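The values are calculated or read from the model by the stated rules, or taken from the named source; none is laboratory data. If you're wondering where the values come from, they're calculated on a predicted model, not measured in any experiment. Cβ placement follows ideal geometry from the backbone for every residue including glycine, while neighbour counts extend to all protein chains displayed.
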Amino acid sequence: MAKKQQKKFYSGNKKKHTIKNQLTVTATGKILTVSRSVGGKHDKKLYDESHLAYGANTKPISDLGYYGFKGIAMPNKKPKGKGLTLEQKQFNRELLDLSRVFYGKSE
């Protein structure tokens, strides 16, 4: 691959060449959509460009890469110098349990 083509897949954050995709999956892990492959692009920007539409009963969940985006459930971010409330911790655990459907990770 030519250097110019390689550059678009370089992640300055990871200091490696990367290929990123966004997937939309059901709560059971069935893949509904897959975005085009991109290199060093922020998650939120990739989401904005994907123009995904959700049904009224759909509640998207995500990691903190989409922080500040409206309509997507994501873990609570710990405030600087403070901790999370018990309710926030419980919410984060529930989101983690949902994400394990896709990633297949367990504690």
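Please tell me if Ser106 is modelled with pLDDT under 75 and not in a loop (DSSP other than H, G, I, E, B). No: the conditions fail for Ser106. Within the range 53-94, if we keep just the residues that are of a type in the set (A, V, I, L, M, F, W, C), farther than 16 Å from Ala27 by Cα and surrounded by fewer than 14 Cβ atoms within 10 Å (Cβ to Cβ), the residue that is modelled with the lowest pLDDT turns out to be Ala53.
Among the numbered conditions (1) over 15 Å from the mean Cα position of the chain (by Cα); (2) surrounded by 10 or more Cβ atoms within 10 Å (Cβ to Cβ), the only one that Leu46 does not meet is (1). Here Lys45 clears all of (1) at pLDDT below 75; (2) farther than 26 Å from Thr28 by Cα except the condition numbered (1).
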